[in-house]
Amino acid sequence: MSTGSFENWAGNIADIGPIYPFVGAEGLLVLLGVAFWIAWHIWQLKQEARVYRDEVQKVGDPDTLKKLVSSEDPKNP
């Protein structure tokens with residue numbers, strides 16, 4: 001893709017033409033970016049919910065959680 005001749009800088013900028021690829025596709029690229037962003041958030045929420053569910057099943061009831069937390073020594077990680 002040629003960006004025009006820059007031998008004469010006094011020329012009309014409209015004669016140079018596009019200076020980057022995919023001119024006119026900005027709206028589509030923004031739409032795709034937003035769709036990807038929303039899809040990533042949905043995927044992330046599902047993964048975090050799955051991990052949380054697994055941890056709740058592993059720990060069990062609130063008494064077990066209290067025992068686990070109280071048995072941890074913050075001075076010895």
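What's the total number of residues in region 50-62 that are open to solvent by 90 Å² or more (accessible area, probe 1.4 Å) and at pLDDT 80 or above?
Initially, region 50-62 is screened for residues open to solvent by 90 Å² or more (accessible area, probe 1.4 Å), giving 50, 52-53, 55, 57-58, 62.
Going one step further and asking which of them are at pLDDT 80 or above, we end up with 50, 52-53, 55, 57-58.
Looking only at that region, the number is 6.
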key: Selection status of P18, modelled with pLDDT under 80, under 33 Å from the mean Cα position of the chain (by Cα) and exposed (fewer than 10 other Cβ atoms within 10 Å of the Cβ)   = no
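The values are calculated or read from the model by the stated rules, or taken from the named source; none is laboratory data. Computed from a prediction, not measured in an experiment: that's the story for all the values here. So basically every Cβ, Gly included, is an ideal-geometry build from the backbone, and we count neighbours across all protein chains shown. Note: accessible area is taken over every heavy atom of the protein model, side chains too, but ligands, DNA and RNA are not part of it. Shrake-Rupley method; radii C 1.70, N 1.55, O 1.52, S 1.80 Å.
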